[in-house]
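**Student:** What follows is a single structure, and I will ask about it in a moment.
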Amino acid sequence: MNIKKSIVLRIRVAFLAIVLFSFAIGYKIFVIQFVQRERWEKLHTENLIDFKDVKPTRGNIFSADGSLLATSLPFYRVCIDPTIADKDVFNKGIDQLARNLQAYFKDKTVAEYKRKITEARRGDKRYIILNHKPINYQGKKEMSEWPIFCEGRSKGGVVFEKVDKRFMPFSMLAQRTVGFVNEENHGAGLEYSFNQELAGKNGKALFRKMSGGNWKPIHDENEITPVDGIDIVTTIDINIQDVAEASLRNHLASHDADYGCVVLMEVATGEIKAIANLGKVGEGQYAENYNYAVGSQGLTEPGSTFKLASVIALFEDTDINLADTIDTGNGEYEFYDRIMRDSKPGGHGRITLQHAFETSSNIAISKKVNEYFGAKPDKFLEHIQKMGLTEPVIFQMDGVAKPYFKTTSSKTWSGTTLPWMSIGYELSMSPIHTLSFYNAIANNGTMVRPMIVKETRVADQVLDRYSTEVVVDKICSDETLKKVRVMLEGVVENGTASNIKNNTYKIAGKTGTAQKLVNKTYSRTYYTSFVGYFPADRPKYSCIVVIDNPKGYQQYGSDVAAPVFKEVADKIYAQDLDLQEPIKAQALANTGVYPVIRGGLYDDLKFLCNALQIPNHTSTNANDDWVQANVENKTVVWYDRKIVAGIVPDVRGLRLKDALYILENIGLHVSIQGSGRVASQSIAAGTRYNKGNYITIVLN
């Protein structure tokens with residue numbers, strides 16, 4: 001009996017507890033729904049709806065000729081509100097839509113895509129991302145024709161969310177110069193340096209948070225349209241850039257070097273036409289992984305290219321002349337407790353200052369600098385400062401290295417500092433700084449600031465146009481300029497860079513081969529360079545080439561860096577008509593020695609001969625547009641190259657362009673072998689043919 005009473009009591013207590021708990025839940029619901037309603041509605045709204053940034057389209061980066069270096073291409077993320085399509089449209093189209101999605105993305109089965117969309121529709125999910133892989137515009141057009149999607153956003157529920165991706169049409173060309181910006185707004189190159197202009201201004205729009213943490217845009221009147229970024233136009237010439245990178249890469253690989261750079265600048269304006277930076281990333285593999293021309297990793301002891309600054313200081317402060325002689329002895333000379341050496345075994349003996357510079361004698365330059373400035377080193381440093389070498393080059397790109405020069409108050413200054421500084425040691429300069437200095441010599445003593453961006457614009461409207469800025473009005477006197485120009489030309493004509501001498505145009509410059517400091521000791525590894533300008537008699541371009549730590553038996557600037565300079569200079573000289581010396585017409589007239597003229601279009605050939613004052617006339621039977629030439633009595637005589645219907649013409653001696661024009665116009669299919677002018681043709685002249693026949697022409 002007691003047991004029954006105990007059980008009944010426990011049941012009553014449990015029932016009472018359930019009643020009280022139910023009352024508590026009901027009370028809590030009442031409080032939430034009525035007393036705290038506004039508070040919870042606000043939290044609900046804040047958690048599910050947000051006013052978020054809308055990214056603008058980033059501005060373009062153009063080369064000097066208008067070619068795209070970097071642009072933003074539209075891509076799309078495929079999303080859907082599966083609840084929007086009506087029942088018939090959904091049921092009719094879901095199977096084919098799932099098949100199309102599987103065939104396009106190939107990441108899920110047809111059943112998985114169908115289940116994902118169908119379950120989202122049953123669960124009243126208003127927004128799902130079908131695939132995180134973005135599609136391009138062509139993909140968007142294709143998908144817009146698919147079942148359900150073809151009903152559009154309002155009836156089918158499809159949402160193509162735009163996602164811009166940065167694209168470089170020239171792939172790796174000038175990659176580091178173009179640069180990048182990451183999601184944390186860190187980066188490098190032009191993308192980072194001009195990020196404020198390129199980025200544009202964010203817009204604002206309402207977004208609703210959907211299940212799974214995704215945000216769906218809510219289009220309403222409160223949207224703030226983003227302002228797209230503005231474009232920047234660089235000074236880069238794509239053709240020159242391509243030549244610079246290709247030549248640098250080939251020579252880096254052939255010498256198994258660590259890194260290298262090439263910078264080419266227009267003398268008068270400071271516009272950079274090419275800037276190539278390549279670092280070793282694998283065996284024989286190089287990539288643009290750092291801007292060595294500008295940044296701190298390229299800051300190093302320049303070596304012999306700095307000797308130009310030393311001889312300028314001597315010319316400005318003393319009465320020394322090019323013909324003055326210096327005794328360099330047997331190639332070794334002791335300054336206090338250190339021995340300086342020349343590269344020539346046995347030394348140069350007694351040589352002139354001109355010859356010392358041409359052969360890059362360390363001893364000659366150091367002895368003269370120490371002789372005149374040893375007791376007053378501050379005077380030497382004053383000249384260096386006047387040349388604009390102690391302050392960093394203010395450039396349009398971030399990350400410019402600051403040069404390092406000791407002063408007489410530096411703790412490490414000693415009696416050997418000045419002699420070693422005079423030949424480019426115990427100081428550091430970046431390649432672009434050295435180039436600016438040599439460019440000033442070519443520019444009549446005026447140092448201009450290097451420039452890589454010349455305009456910012458929106459469409460065709462120019463917003464900002466950057467002009468040439470002068471850094472130093474005059475780095476030295478005109479008299480000194482004349483002397484050092486002779487010295488720089490002598491380096492190529494008679495000295496360490498005579499291997500790049502040519503008969504077409506003159507180059508002026510200086511080789512550099514600096515031993516690298518490893519563990520506080522100068523090692524047998526080298527930093528090689530060549531810097532100069534061309535054509536030497538009327539400078540238009542200046543250029544520096546640096547190749548670091550070349551391996552093998554060729555480790556000097558003349559063997560490693562100078563050939564790259566010449567390859568770039570040759571290409572530019574061939575392309576830039578302003579650099580070409582005009583042919584003197586009178587020199588050809590009446591000599592009987594004429595350019596090769598074999599045949600072509602009569603009007604064109606006659607115009608050229610008249611312009612060059614070459615005597616010419618037509619034969620009595622020449623009435624056709626196409627002619628062949630023959631020299632008779634110091635006169636070019638034009639003969640008919642008859643084009644007769646149904647008969648294969650004679651195209652031998654013609655340029656490829658003219659031969660193709662003639663043969664294809666009469667209905668022949670042409671295949672080509674070789675290059676040059678037409679030497680032979682597979683169907684003999686005078687043979688009958690049918691339209692559509694094939695003919696092979698061999699050029700040489």
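**Student:** Go through (1) over 30 Å from the mean Cα position of the chain (by Cα); (2) within 30 Å of Phe194 (Cα to Cα) and name the single condition Lys483 misses.
**Tutor:** (2)
**Student:** Inspect all residues belonging to segment 324-331 and state whether any of them is buried (at least 23 other Cβ atoms within 10 Å of the Cβ) and closer than 17 Å to Thr480 by Cα.
**Tutor:** Within segment 324-331, none of the residues are buried (at least 23 other Cβ atoms within 10 Å of the Cβ) and closer than 17 Å to Thr480 by Cα.
**Student:** Which numbered condition trips up Ala253, out of (1) more than 23 Å from the chain's Cα centre (by Cα); (2) free of Cβ contacts under 8 Å to residues at least 40 places away in the same chain?
**Tutor:** Only one criterion is unmet by Ala253, namely (1).
**Student:** Does segment 536-543 contain at least one residue that is in a loop (DSSP other than H, G, I, E, B), modelled with pLDDT of 95 or more and crowded, with 17+ Cβ neighbours inside 10 Å?
**Tutor:** yes
**Student:** How many residues does segment 490-518 hold that are crowded, with 20+ Cβ neighbours inside 10 Å and among the charged types (D, E, K, R)?
**Tutor:** Number satisfying all stated conditions: 1.
**Student:** Mind checking which pairs have a first residue in segment 680-700 that is more than 10 Å from Val648 (Cα to Cα) and a second that is among the polar types (S, T, N, Q) and in a strand (DSSP E or B), Cβ under 7 Å, 6 or more apart or different chains?
**Tutor:** Note: pairs meeting the criteria are Ser682/Thr696; Tyr694/Ser671; Thr696/Ser671; Thr696/Gln673; Ile697/Gln681; Val698/Gln673; Val698/Ser680; Leu699/Gln673.
**Student:** Find the residue count for segment 433-471, including only residues that are free of Cβ contacts under 8 Å to residues at least 24 places away in the same chain and β-branched (Val, Ile, Thr).
**Tutor:** 1
Per-residue answers, yes or no, for (1) farther than 17 Å from Glu426 by Cα; (2) of a type in the set (Gly, Ala, Ser):
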| position | (1), (2) |
| --- | --- |
| Asp319 | yes, no |
| Leu322 | yes, no |
| Thr328 | yes, no |
| Phe335 | no, no |
| Thr352 | yes, no |
| Phe357 | yes, no |
| Ser361 | yes, yes |
| Glu371 | yes, no |
| Gly374 | no, yes |
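**Student:** Among the residues of segment 331-373, write down those that are without any contact (Cβ under 8 Å) to a residue 40 or more places away in the chain and among the basic types (Lys, Arg).
**Tutor:** Across segment 331-373, the qualifying residues are Arg341, Lys344, Arg350.
**Student:** Moving on to the next point. Are there any pairs, at least 6 apart or on different chains, whose C-beta atoms fall under 8 Å, with the first in segment 622-635 and farther than 15 Å from Ile597 by Cα and the second loosely packed, with under 14 Cβ neighbours inside 10 Å and modelled with pLDDT of 80 or more, and if so, which?
**Tutor:** Asp625/Asp603
**Student:** For segment 167-207, what are the residues that are in contact (Cβ under 8 Å) with a residue 60 or more places away in the chain and loosely packed, with under 15 Cβ neighbours inside 10 Å?
**Tutor:** Of everything in segment 167-207, those that are in contact (Cβ under 8 Å) with a residue 60 or more places away in the chain and loosely packed, with under 15 Cβ neighbours inside 10 Å turn out to be Phe167, Pro169, Met172, Lys201, Asn202, Lys204.
**Student:** Got a sec? Which of Thr513, Thr496 is assigned to a strand (DSSP E or B) and closer than 19 Å to Cys543 by Cβ?
**Tutor:** Thr513
**Student:** Residues that are under 23 Å from Gly557 (Cβ atoms) and out of contact with any Pro (no Cβ under 6 Å at 6 or more places or on another chain): which strands (runs of 3 or more DSSP E) entirely in segment 237-329 hold 3 or more of them?
**Tutor:** In segment 237-329, the matching strands (runs of 3 or more DSSP E) lie at 259-266, 272-282.
**Student:** Collect the residues in segment 417-472 that are part of a loop (DSSP other than H, G, I, E, B), of a type in the set (Val, Ile, Thr) and over 18 Å from Ala313 (Cα atoms), keeping them in residue-number order.
**Tutor:** Listed by number, the residues that qualify are Ile452, Thr468.
**Student:** Exactly one of (1) at pLDDT 95 or above; (2) over 16 Å from Pro431 (Cα atoms); (3) not small (Gly, Ala, Ser) is unmet by Thr412. Its number?
**Tutor:** Among (1) at pLDDT 95 or above; (2) over 16 Å from Pro431 (Cα atoms); (3) not small (Gly, Ala, Ser), the lone unmet condition for Thr412 is (1).
**Student:** What is the one condition in (1) among the hydrophobic types (A, V, I, L, M, F, W, C); (2) surrounded by fewer than 15 Cβ atoms within 10 Å (Cβ to Cβ); (3) at pLDDT 90 or above that Phe149 does not satisfy?
**Tutor:** Failed condition: (2).
**Student:** A follow-up question, please. Give me a count of the residues in segment 110-140 that are over 21 Å from Ile84 (Cβ atoms) and under 40 Å from the mean Cα position of the chain (by Cα).
**Tutor:** 7
The values are calculated or read from the model by the stated rules, or taken from the named source; none is laboratory data. Since the structure is predicted, the reported quantities are computational estimates derived from the model, not experimental observations. Neighbour counts are summed over all protein chains in view; Cβ atoms, including those assigned to glycine, are modelled from backbone coordinates with ideal geometry.
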